[in-house]
Amino acid sequence: MNKNKILLAPSVLGADPLNIAACVESLDNNFDWLHLDIMDGHFVKNISFGPAVARAMRKRWPDAFIDAHLMIDCLDIMLPEFIDARPDLITLHAELELQILHARLMQIKKAGIKAGVSIGPATPLEFIKPVLNIADLVLIMSVTPGFGGQSFIESTLDKTRELASLRAAFKYNYLIQMDGGIKAENAEQVAAAGCDVIVAGSAVFNAANPAEYARDLRARLNKI
Ligand code: DX5
Ligand code: ZN
C-alpha cells in the first residue's frame, strides 16, 4: 500500500442512505478509498449496513478500494459474510475478542484481504501492540464509534504520533488511519500527526459541493 500520499476515504455513512451510489458518484472520483461503516446496534448504539451493501458496492465499483470498518459482535457468523463480499480491507475493533485478535486478523489475511485493527478513543495503544507486526492498517478512532457528525477528540492524535514512531522504530508496515470528526479545518493537523488515510463522512457529504470539498480536502492533506 502507498505510504507517501495521504489518502481520503469518504465514509458512505455520511451519504443519503436512499441515494448512496449517486452521492459517491457525485464526488467525481475525488477520493482514494470508500469507507463502509458496519454497525450492529450492539457493539455500538447504531445500525448501519450489512454484507449485502458491501457486496453491492463491490459489484457497482469493481475497481474501488473498499475499506470495511466492522463495529459488530458475532464475528463467527458475520466475518465470513464480509470476507465473501470481497472488500480490499477489513478492520476489526480490538475491544472485541482481544484474546483471539491475532487469529481474527490472520483469518482476514489468509482470505487475501488486508487486515486492519482499530481502537476507540478510550482504549490504550497497549491493547494492540501484540498485533502491530501483522496489521496492514491501524485505525485510531477520533470519536466514540457509532455515529457520524461528532466532534474530533484531539487527545487521540497522541496515539497516532506514537504509532508513527513505533512503525519507524520496529519497521512495521501498517498504514495509520483516523476516523471521526475530520474536516477541512483540522485535516492538516491530522496529517501532520503521521496519518496515512483519513476518513470523512458528514463533512464531505453535507458540503454544498461534495466533489469540490473532497478535492480541497485531499489537497490540504497533501500540502505538508
Ligand atoms: C463512526 C464511523 C465514522 C463516521 C465518520 O463510528 O466509524 O466513519 O462515519 O463520520 P464523520 O466524518 O461525520 O465524523
Ligand atoms: Zn468508520
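Derivation of every value follows stated rules applied to the coordinates shown; laboratory data play no part. Just so we're clear, the structure is a prediction, and the values are computed from it rather than from any experiment. FYI the Cβ positions are ideal-geometry reconstructions off the backbone, even for glycines, and counts take in every protein chain you see.
Here THR123, THR156, THR144, THR91 are placed in order of increasing Cβ neighbour count within 10 Å, fewest first, which gives THR144, THR123, THR156, THR91.
Ordering ILE128, TYR172, TYR213 by the projection of their Cα atoms onto the charge dipole of the chain, which places +1 on the Cβ of Lys and Arg and -1 on the Cβ of Asp and Glu, puts TYR172 at the extreme positive end.
Modelled spin-label separation between ALA21 and ARG55, with each label point placed 7 Å from Cα along the Cα-to-Cβ direction: 1.6 nm. Restricting the GluC sites (Glu not before Pro) of the range 108-185 to loop positions (DSSP other than H, G, I, E, B) with no more than 13 neighbouring Cβ atoms within 10 Å leaves nothing.
Using a cutoff of 8 angstrom between alpha carbon atoms and counting only pairs six or more residues apart, the relative contact order for the range 119-224 works out to 26 percent. For the pair SER165 and LYS5, a Förster radius of 22 Å applied to the C-beta separation gives a FRET efficiency near 0.60, rounded to the nearest 0.05.
The convex hull built on the alpha-carbon positions of the chain has an orientation-averaged projected area of 10.9 nm². Residues of the range 12-36 with an amide N closer than 15 Å to a point placed 7 Å from the Cα of ALA211 along the Cα-to-Cβ direction: 22-31.
Provide the gained length on full extension for the span GLU97 to ALA111, in nm with one decimal, where the gain is 0.36 nm per separating residue minus the Cα-Cα distance.
Details: separation 14, 0.36 × 14 = 5.04 nm, distance 1.94 nm.
Length gained between GLU97 and ALA111: 3.1 nm.
Each of TYR172, TYR213 was scored by other Cβ atoms within 10 Å of its Cβ. Arranged with the fewest first, they read TYR172, TYR213. Charging the Cβ of each Asp and Glu at -1 and of each Lys and Arg at +1, and nothing else, the dipole of the chain about its Cα centre rounds to 600 debye.
Couplings 3J(HN,Hα) of the range 151-166, computed from phi: 7, 4, 9, 4, 5, 5, 5, 4, 5, 5, 4, 5, 4, 5, 6, 4 Hz, in residue order, whole Hz [Karplus 6.51 cos²θ - 1.76 cosθ + 1.60, θ = phi - 60°; x for Gly and Pro].
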